[in-house]
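In what follows, a structure is listed as structure tokens, so that the remarks can point back to it.
Values quoted throughout were computed directly from the atomic coordinates according to the rules given, and no laboratory measurement underlies them. Keep in mind it's a predicted model, so treat the numbers as computed, not measured. So basically every Cβ, Gly included, is an ideal-geometry build from the backbone, and we count neighbours across all protein chains shown.
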Amino acid sequence: MRTFTNIEEAREAADKMPAVKEIIEIDHVTEGLCYINITGYIQDLRTMLSNTPNSEIKALIAAHHTNATIAHNTMIEQIAAIPGMSELKKASSIVSYARDDYNQACKYGYPVREAKSMELAEKKYKELADEYPIASAYLSAEAWVIYSHWSNTEKVAAGRKACQRILSGDNWQDVLSDMDAEWTSYATAASARA
């Protein structure tokens, strides 16, 4: 474990050390806010410290997980509070099922009925997306996080940043524009290096 006084130093050091699994933030009693690069996972650290008589460290780790849980639950509540979010998620599921039905029908014959069903589902989704643009923008940004997760960390980071900005109340049009610009800039630079 290495300790740093700011998150930038901790991230820079973690990038150079592939063994680092997590960076944890600690508000130390005497040293103040510090960051520790750990080579194991927080659960492993908790297990290791469970045999140590240091109750302050155990309480700190428990508080870290409690705060993370609270932050996660708060984010879920913010997402659910976006007007039209539940309607758009339902419509998105219907479109997905309609596409699956269409693709399945293509394998076995003439998917006329399924094509019409898919067209209606997509039309309904588009109408809802137009009616609830903030929810639509959030789902677009979230798609970058979900569907790009294993293929491109930069695209995931751009999507995650956009999601956070939308939840913070930034203009959704600016957020999506910045997200696209960030990705385009990275992709252009990557292709120039290749």
query = Could you give P(r) for segment 85-131, binned at 10 Å from zero, as whole percent values over all Cα-Cα pairs?
reply = 32, 45, 20, 4
request  = Can you tell me the alpha carbon radius of gyration of segment 93-187 divided by the globular rule-of-thumb value 2.2 N^0.38 Å?
outcome  = 1.31
task = Please tell me the relative contact order of segment 132-194 in percent, rounded to the nearest whole number, where contacts are Cα pairs under 8 Å and at least six residues apart.
result = 33
remark   = Mean shadow area (nm²) of the C-alpha convex hull around segment 132-194 is 4.0
task = Express in nm, to one decimal, how much length is gained between GLN164 and ASP100 on full extension, taking 0.36 nm for each residue of separation and deducting their alpha carbon distance.
result = 19.9 nm
request  = Tell me the chymotrypsin sites (Phe, Trp or Tyr not before Pro) within segment 129-168 that lie in a loop according to DSSP and have at most 15 other beta-carbon atoms within 10 Å.
outcome  = TRP150
